[in-house]
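Q: Below are the structure tokens for one structure; questions will follow.
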């Protein structure tokens, strides 16, 4: 596979090349090392019997190379609690999870445990590989990258998605670069509030 193009939001690409240029090389090497094959046979009515790219296989290949060869880390879970009360929620946003639990309990509410976890991290860079549903990219950017940046856990988020040309050869629903480039730019120059690199790949 190859990196077809990328978009640098809030100087994300420039920051990476100034601080950790070797990480870009590792990502490029990982992408170029993956031999994408159409091993999935579609069962959808609109493309029944057609061979397609298989997201779980692609994800497994990315993990194999990033973790074993380039020593990226599987993302650490960041646990936190949520509740239905607006005032209580505002009071716990910047508290550690143990305090969040107790504050919610003391308010007579139910503490609901949840978490977010990036796919991969290294040197305060968070990397997501997204071949799932297109809405998951927004979750990655606003719930994972942005939240971890605001909590001072990362300095940069990277999102890898297929180009439209590749997405056409997948089951219906995956994201594609051109759509999410539009979504990021449409938000304005300072939103989302986290330096990002959006990467589009194709076979």
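Q: Shape of the stretch 1-117 from its Cα gyration tensor (a ≥ b ≥ c, root eigenvalues): rounded if a/c is under 1.5, otherwise prolate when a/b > b/c, or oblate?
A: It is oblate, given that a/c is not under 1.5 and a/b is not larger than b/c.
Q: Taking the chain as the reference, fit the longest principal axis to its C-alpha atoms, fit the long axis of helix 97-106 to the helix C-alpha atoms, and give the angle between the two in degrees, 0 to 90, nearest 10.
A: 50
Q: Same structure, new question: Give me the angle, in degrees from 0 to 90, between the Cα long axis of helix 177-187 and the longest principal axis of the Cα atoms of the chain, rounded to the nearest 10.
A: Roughly 40 degrees, rounded to the nearest 10.
Q: Could you give the radius of gyration (one decimal) and Dmax (whole number) of the Cα atoms in the stretch 11-50, in Å?
A: Cα only, the stretch 11-50: 17.9, 49 Å (Rg, Dmax).
Q: Now a separate question. Could you list 125, 31, 67 so that the one with the fewest beta carbons within 10 Å of its beta carbon is first and the one with the most is last?
A: Ordered from fewest to most neighbouring Cβ atoms within 10 Å, 125, 31, 67 come out as 67, 31, 125.
Q: For the stretch 77-116, what does the equivalent ellipsoid look like in terms of its semi-axes, each the square root of 5 times an eigenvalue of the Cα gyration tensor, given largest first in whole Å?
A: Its equivalent ellipsoid spans semi-axes of 15, 10, 9 Å.
Q: Taking all pairs of distinct Cα atoms, average 1/r, flip it, and tell me the Kirkwood hydrodynamic radius of the chain in Å to one decimal place.
A: 18.3
Q: Compute the Cα gyration tensor for the stretch 113-178, then decide on rounded, prolate or oblate, letting a ≥ b ≥ c be the square roots of its eigenvalues: rounded whenever a/c is under 1.5, prolate when a/b is larger than b/c in the other cases, and oblate in all that remain.
A: It is prolate, given that a/c is not under 1.5 and a/b is the larger ratio.
Q: Before rounding to the nearest 500, sum -39500 (n - 2.57) across all DSSP H runs of length at least 4 in the chain and divide by the residue total; then give [θ] at 222 nm in deg cm²/dmol.
A: Value at 222 nm, helices only: -9500 deg cm²/dmol.
Q: Take the alpha carbon atoms of the stretch 19-86, find their center, do the same for the stretch 104-174, and report the distance between the two centers in whole angstrom.
A: So the two Cα centres are separated by 12 Å.
Q: Along its principal axes, what span do the Cα atoms of the stretch 61-179 show, with the longest given first and each in whole Å?
A: Answer, in whole Å and largest first: 52, 32, 20 Å.
Q: Using only the alpha-carbon atoms, how far is helix 21-33 inclined from the longest principal axis of the chain? Give it as 0 to 90 degrees, nearest 10.
A: The helix 21-33 is inclined about 50 degrees to the chain.
Readers should treat all values here as calculations from the given coordinates under stated rules, not as data from a laboratory. Everything numeric in this text was worked out from a predicted model, so none of it was measured. We place every Cβ from the backbone using ideal geometry, glycine too, and count neighbours over all the protein chains shown.
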